[in-house]
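Q: Sharing a structure here in structure tokens format.
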Amino acid sequence: MPPSPFGQLGVLPLELRLETYERLFWKPTPSVSILCCSRAICEEITGRLYDTLDIELTPSWHSSRLEIRCKALRLHWEIPYSTPAIRDRFSRLPYHKTNLQIHIYAPDPHDPGQIILLWNNIRNFTSFLEAATIKSITIDLKEHKGSDWQDAGRAVESIPYPGTRQPDHNVVFLPFCRLCNVKSLRLVPSSRRMDRAIDWGFINYGRDFILNNGYETYNDGPLSRDPHYRDVVRLFDDLDGTIRDMQFFLNTQLDLLPGYTAAQLRLCRAHCWRPVLFPQDPVYRDFFATLRNCPRAIKLHDPGLEKFCIRDWHHWNICHEADWQSPKWPWDEWRRRYPRGMPPLSPETVLGYWQAIPSSPGHGWKNRGDIERNGEYHFWMWSYLHRNWGQQSIMRFRFFEREWCTDCRHMGFQSGCEKGCERLSRFDFREAWEDSDDEGDYSDPELVL
Ligand SMILES: [Zn+2]
């Protein structure tokens, strides 16, 4: 008889081996050293360990919000926020062997920040899955503390989306649409009442899109030519744009949203904010990418970026008042100073509110000194606002910009350019500096040549 790949454990029948493994994992600190014993044991354990994972996504601020549980082995992780290390760890679970049971609890529309909290945690969770092959996903939409996904036979939309409707069940499903290599996907409504009340068009289309790897390939699954889905198809033609649009919409709405959760999320946002002088900072790369790739989001949700500028201004105010110490405050310090969270950003709560709006008549941005104080980042912003939103003009580095593509000239910045402008550095163009007092010339560099 050849030696068993399970070593001495091989003499035990499978059931007893599994029981042995489970006992090892039942301890308060599971012993994982057994995973190093042999490849066969490791395979057997991971198959058992990750057979089913339950993911709980709750919308209330005081619960843990994103939890991953393995009932069979009593493993339990709470993931309150994301870091690269956390993402790395949870991206490497063997999802190809795993049934994911994802329970999403209905947000309370009277506390509309809850849908944003859910959105943030779902985006965090789906980021773990983006490179994975997944055996199966079941998304279980559940009622929660008297809230449901429908109310009186109509789908709940916690934050009204302009022009059309984006009910909460579509918002929570959207981040899943970027997943590929999903072998099976099922959605379970909270009740028959919900099943009848809501329009499943977006979810049905999205399910088809995911199972056909639409994100990696093309948006041409079986439903894409069905006239019934005409309005939905375009949302999937540029899925990244649709997700960016939703992110920008929710972030903008958060400025004025009532309720406890919104106040806490605003405080969280202030806590994470950093004074940025250079537009190359990773925090702002994503913002400049939205400006460039998703202009409809700006037009629809924050024309002229007025709300964005008020928010940025408010965060600068806090930083100045705190003598530049606020970026170092731990979360507890923010909680101590703002026990009820951050109030909505209005003229009553934001110092110098009208001054913060770039094109505000009689106030606004008109001083070159503002830019020089706030660094290159504001130079880019001003340049973008001038070329796209009628903000007063500002100096322009003609000789430098001559090397840019038309798109970059239109945007007023190079970040996110696919044609290579991003590789050009202003410091390589001596003429750009020599010409820097030539404030009056806004002619197209093409014509100057
Ligand atoms: Zn370019």
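Q: Among the candidates V182, V188, single out the residue that is in contact with an Asp or Glu (Cβ under 9 Å, 6 or more places away or on another chain), aliphatic (A, V, I, L, M) and at pLDDT 95 or above.
A: On the way: V182 fails: in contact with an Asp or Glu (Cβ under 9 Å, 6 or more places away or on another chain).
Within the list V182, V188, the selection yields V188.
Q: Suppose the filter is in contact with a Phe, Trp or Tyr (Cβ under 7 Å, 6 or more places away or on another chain), modelled with pLDDT under 95 and not hydroxyl-bearing (S, T, Y); does I198 pass it? Before the answer, list the steps.
A: On the way: in contact with a Phe, Trp or Tyr (Cβ under 7 Å, 6 or more places away or on another chain): yes; modelled with pLDDT under 95: yes; not hydroxyl-bearing (S, T, Y): yes.
Yes; evaluated as a whole, the condition is true for this residue.
Q: Which residues, taken from segment 175-233, are outside any helix (DSSP H, G or I), within 17 Å of A106 (Cβ to Cβ) and either touching a His at 6+ places or on another chain (Cβ under 7 Å) or of a type in the set (G, A, S) (or both)?
A: Of the residues in segment 175-233, the ones outside any helix (DSSP H, G or I) are 179-191, 198-200, 212-221, 226.
Checking which are within 17 Å of A106 (Cβ to Cβ) leaves us with 187-191, 198-200.
S190, S191, I198 - these are the residues of segment 175-233 that are outside any helix (DSSP H, G or I), within 17 Å of A106 (Cβ to Cβ) and either touching a His at 6+ places or on another chain (Cβ under 7 Å) or of a type in the set (G, A, S) (or both).
Q: Just checking: which of the helices (runs of 4 or more DSSP H) contained wholly in segment 254-332 hold 2 or more residues that are within 25 Å of R387 (Cβ to Cβ), touching a strand residue (DSSP E or B) at 6+ places or on another chain (Cβ under 8 Å) and not assigned by TED's automatic domain parsing to the domain that holds W119? Full working, then the answer.
A: Working: elements: 260-272, 282-293, 295-301, 306-321.
Those helices (runs of 4 or more DSSP H) do not exist here; none qualify.
Q: Would you pick out the residues in segment 382-421 that are buried (at least 16 other Cβ atoms within 10 Å of the Cβ), touching a residue at least 12 places away in the same chain (Cβ under 8 Å) and under 26 Å from the mean Cα position of the chain (by Cα)?
A: W382, Y384, L385, N388, C408, M411, G412, F413, S415, G416, C417
Q: Go over the candidates P94, P112 one by one and state the one that is farther than 24 Å from Y205 by Cα, buried (at least 19 other Cβ atoms within 10 Å of the Cβ) and either out of contact with any strand residue (DSSP E or B) (no Cβ under 7 Å at 6 or more places or on another chain) or modelled with pLDDT under 95 (or both). Give the derivation first.
A: Values: P94 fails: buried (at least 19 other Cβ atoms within 10 Å of the Cβ).
The match here is P112.
Q: Continuing with this model, one more query. Going by what's in this entry, would R409 be described as modelled with pLDDT of 90 or more and within 16 Å of the ligand (Cβ to nearest atom)? Show your work before the answer.
A: Working: modelled with pLDDT of 90 or more: yes; within 16 Å of the ligand (Cβ to nearest atom): yes.
So R409 fits the description; yes.
Q: Being crowded, with 22+ Cβ neighbours inside 10 Å and among the hydrophobic types (A, V, I, L, M, F, W, C) is the filter; apply it to segment 154-175 and report the residue that is nearest to G241 (Cα to Cα).
A: L174
Q: Among the residues of segment 338-377, write down those that are buried (at least 19 other Cβ atoms within 10 Å of the Cβ), assigned to a helix (DSSP H, G or I) and modelled with pLDDT under 80.
A: I371
Q: Something else: When you look at R430, is it within 11 Å of the ligand (Cβ to nearest atom) and either at pLDDT 85 or above or not assigned by TED's automatic domain parsing to the domain that holds R285 (or both), yes or no? Working first, answer last.
A: Values: within 11 Å of the ligand (Cβ to nearest atom): no; either at pLDDT 85 or above or not assigned by TED's automatic domain parsing to the domain that holds R285 (or both): yes.
Considered against the rule, which asks whether it is within 11 Å of the ligand (Cβ to nearest atom) and either at pLDDT 85 or above or not assigned by TED's automatic domain parsing to the domain that holds R285 (or both), R430 comes out as no.
The values are calculated or read from the model by the stated rules, or taken from the named source; none is laboratory data. Because the structure is a prediction, the values reported are computed rather than measured. Note that we place each Cβ from the backbone using ideal geometry, even for glycine, and neighbour counts take in every protein chain shown.
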